[in-house]
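Okay, so here's the structure we're looking at.
The values are calculated or read from the model by the stated rules, or taken from the named source; none is laboratory data. Because the structure is a prediction, the values reported are computed rather than measured. Cβ coordinates were reconstructed from backbone atoms using ideal geometry, including for glycine residues, and neighbour counts include every protein chain displayed. These area figures cover heavy atoms from the full protein model, side chains too; ligands, DNA and RNA do not enter into them. Shrake-Rupley method; radii C 1.70, N 1.55, O 1.52, S 1.80 Å.
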Amino acid sequence: VWMAINLPFFTSKPTFDGPSGPDGDTDKKEPVDVEKEEAGRFAEEARAAFLSEIPEALGTNVLAISSDLHYLHVYTELGRCMILGSLQRAADAMGEDGMRVHRAHWVARRAIVKIVKDGQQWYCLLTNDLKLPISRRKKSTVAGWFGHSTKIVPVKRSKHGAA
């Protein structure tokens with residue numbers, strides 16, 4: 001039994017840690033993190049699967065995603081469409097390109113023009129003139145993540161209450 005278990009070790013070629021080529025370079029490779037590679041491959045596949053659901057005429061440059069029960073309104077630079085799916089799955093597929101600013105809205109980082117503050121309510125103003133609310137719990141996260149490249153603009157009210 002011992003011989004059967006150890007037979008592969010005896011039949012394999014020996015390796016030496018000495019110089020491998022004429023220059024004396026060793027052929028050592030960096031250790032590969034298999035879990036990281038699999039996670040990256042899974043993320044790419046999930047992103048490709050999500051983007052394949054968007055009509056080709058709208059492109060794949062997603063600016064925002066809004067949830068409406070079991071449907072998603074996907075906004076791109078070329079227009080918008082409605083597809084079946086969950087916002088959590090879509091946000092996971094889009095990865096670090098953006099974040100959920102509200103339980104019903106995901107926004108791409110590059111799409112935000114400015115953050116508008118209207119009293120206690122905050123909004124994201126996007127490049128396509130879409131105005132999406134920011135939840136109270138996400139205010140500090142959004143301000144920290146988007147605040148460096150965007151402007152937080154308070155809305156000034158007139159005497160008659162109109163902005």
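The set of residues in segment 125-143 that are assigned to a helix (DSSP H, G or I), touching a residue at least 40 places away in the same chain (Cβ under 8 Å) and crowded, with 17+ Cβ neighbours inside 10 Å contains only Val142.
Within segment 69-99, restricting attention to residues that are open to solvent by 60 Å² or more (accessible area, probe 1.4 Å) and in a strand (DSSP E or B), the residue that is nearest to Arg47 (Cα to Cα) is Leu84. For segment 57-68, the set of residues classified as open to solvent by less than 80 Å² (accessible area, probe 1.4 Å), out of contact with any strand residue (DSSP E or B) (no Cβ under 6 Å at 6 or more places or on another chain) and part of a helix (DSSP H, G or I) is empty. One residue alone among Trp122, Trp106 is touching a Lys or Arg at 6+ places or on another chain (Cβ under 9 Å), free of Cβ contacts under 8 Å to residues at least 40 places away in the same chain and either open to solvent by less than 30 Å² (accessible area, probe 1.4 Å) or farther than 29 Å from Phe42 by Cβ (or both), and that residue is Trp122.
Determine if segment 36-56 includes at least one residue that is open to solvent by 30 Å² or more (accessible area, probe 1.4 Å), aromatic (Phe, Trp, Tyr) and at pLDDT 95 or above. No, segment 36-56 contains no residue that is open to solvent by 30 Å² or more (accessible area, probe 1.4 Å), aromatic (Phe, Trp, Tyr) and at pLDDT 95 or above.
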